[in-house]
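Single-structure report; data block below.
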Amino acid sequence: MTGPRGNVICIDVQKKMLGYLGKRAQKAGVSAVMNYRLCSEDSLGIDDLAGTIDFLLLFAVLHEIPNRESLFVQINRALRRGGRVLFAEPEGHVKRNDFDASVAMALRNGFTVAGHPQPIWRSHAILLEKK
């Protein structure tokens, strides 16, 4: 989907998970476009990507982050103007009011609601856009 010049940046706090993903990408023949980054609890490690990311998938992860506000600030900085974030959290781990509070936090940090995707099985989901 990225095309020949695109890039997929995969970020995780667990080195082991990045290793598993690397093996799956190699098996699927897409490892050439993959870029793996190990992050810390307080930094995604993407400061070098300011204003360059078109799309970010934030799936079943925000509830694991201690400082969510900081995460939205970092994501906003990395996205280009008009860049989008598909934000989804599992209904089993995140109550609707907690998800809505996270969306409100994103809105306070430079995002607008771009739409509501088709339902994602057992998930709360929303499409956000950088202002």
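The values are calculated or read from the model by the stated rules, or taken from the named source; none is laboratory data. Keep in mind the model is a prediction, meaning the values are calculated, not measured. Cβ sites come from the backbone with ideal geometry, for glycine too, and all protein chains shown count toward neighbours. The area values use the complete protein model at the heavy-atom level, side chains included, leaving out ligands, DNA and RNA. Shrake-Rupley method; radii C 1.70, N 1.55, O 1.52, S 1.80 Å.
Of the residues Ala101, Ala32, which is over 16 Å from the mean Cα position of the chain (by Cα), at pLDDT below 95 and part of a helix (DSSP H, G or I)?
Only one candidate qualifies: Ala32.
Restricting attention to segment 74-97, and to residues there that are surrounded by 14 or more Cβ atoms within 10 Å (Cβ to Cβ) and in a helix (DSSP H, G or I), which single residue is nearest to the chain's Cα centre (by Cα)?
Ranking the qualifying residues of segment 74-97, first place goes to Ile75.
Could you check segment 12-24 and list, in sequence order, the residues that are at pLDDT below 95 and open to solvent by less than 60 Å² (accessible area, probe 1.4 Å)?
Hit for segment 12-24 is Asp12, nothing else.
In segment 54-73, how many residues are over 13 Å from the mean Cα position of the chain (by Cα) and in contact (Cβ under 8 Å) with a residue 40 or more places away in the chain?
Number of matching residues: 1.
In the list Val103, Val113, which residue meets the criterion of being over 30 Å from Pro4 (Cβ atoms), touching a residue at least 12 places away in the same chain (Cβ under 8 Å) and open to solvent by less than 60 Å² (accessible area, probe 1.4 Å)?
On inspection, the qualifying residue turns out to be Val103.
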